[in-house]
Amino acid sequence: MVDGRPLEVDKTSERGAAFLRLANEHLDASYRLARAIVRDPGEAQDATHDAFVQAWRKWSTLRDPALFERWFDRILVNTCRNRLDRASRWHLTDISAEVVLGSGDPISDSHERDVIGSAIAMLTPDHRVVVALRYYRDFTLEEIATRLEIPVGTVQSRLHYALKRLHAVIEAADAKGTIR
């Protein structure tokens with residue numbers, strides 16, 4: 001109370017603090033999901049940042065903060081998908097083998113993970129998204145369908161064809177002797 005009047009709390013700052021708290025809670029998991037989808041650490045950081053910026057701008061549309069993770073995952077997945085679509089329009093050459101820099105990224109430390117990562121990079125954006133949500137976030141098929149707003153059968157189909165493609169690419173790498 002100030003001068004006998006109840007103290008008014010600024011609703012805007014309360015919502016801002018709530019967003020910041022939720023964003024901090026979900027930052028690491030969001031980066032890992034973006035990393036699983038786009039594969040490149042820098043792209044994953046940019047996608048995560050862009051998704052949080054979009055989420056902040058749309059923050060007022062979220063009615064129930066308990067649904068933040070599902071709501072934000074949809075924004076993040078769409079941001080990653082847009083980045084993949086944009087990247088597919090450009091022909092990029094990976095020169096990381098020629099340039100040896102310590103990335104500090106634990107995901108890229110293992111040769112097997114590189115092979116799997118390369119195989120995932122060959123998937124379509126829709127297939128990458130379902131693989132990342134299923135195996136990096138450990139979501140059920142129903143949870144994936146809800147987050148992507150698609151039928152469970154579509155999730156099953158995408159996952160089936162993605163895994164079929166991954167197995168073929170990994171088996172080919174194994175036949176060449178590139179997997180230890």
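Coordinate-derived values only; no laboratory data. All values reported here derive from a predicted model rather than from experimental measurement. All Cβ positions, even for glycine, are placed from backbone atoms using ideal geometry, and neighbour counts span all protein chains on display.
Here is how the numbers come out for the structure above:
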read-out	value
Candidates per GluC sites (Glu not before Pro) in the stretch 120-180, loop by DSSP, up to 14 other Cβ within 10 Å	E149
Per-residue Cβ neighbour rank within 10 angstrom, fewest leading, T146, T61	T61, T146
Highest-first arrangement of 13-23, 70-80, where packing means the average Cβ count within 10 Å	70-80, 13-23
Residue-span extension gain [Q54 to L67] - 0.36 nm each, minus C-alpha spacing	3.1 nm
Ranking of I116, I144 by count of other Cβ atoms within 10 Å, fewest first	I116, I144
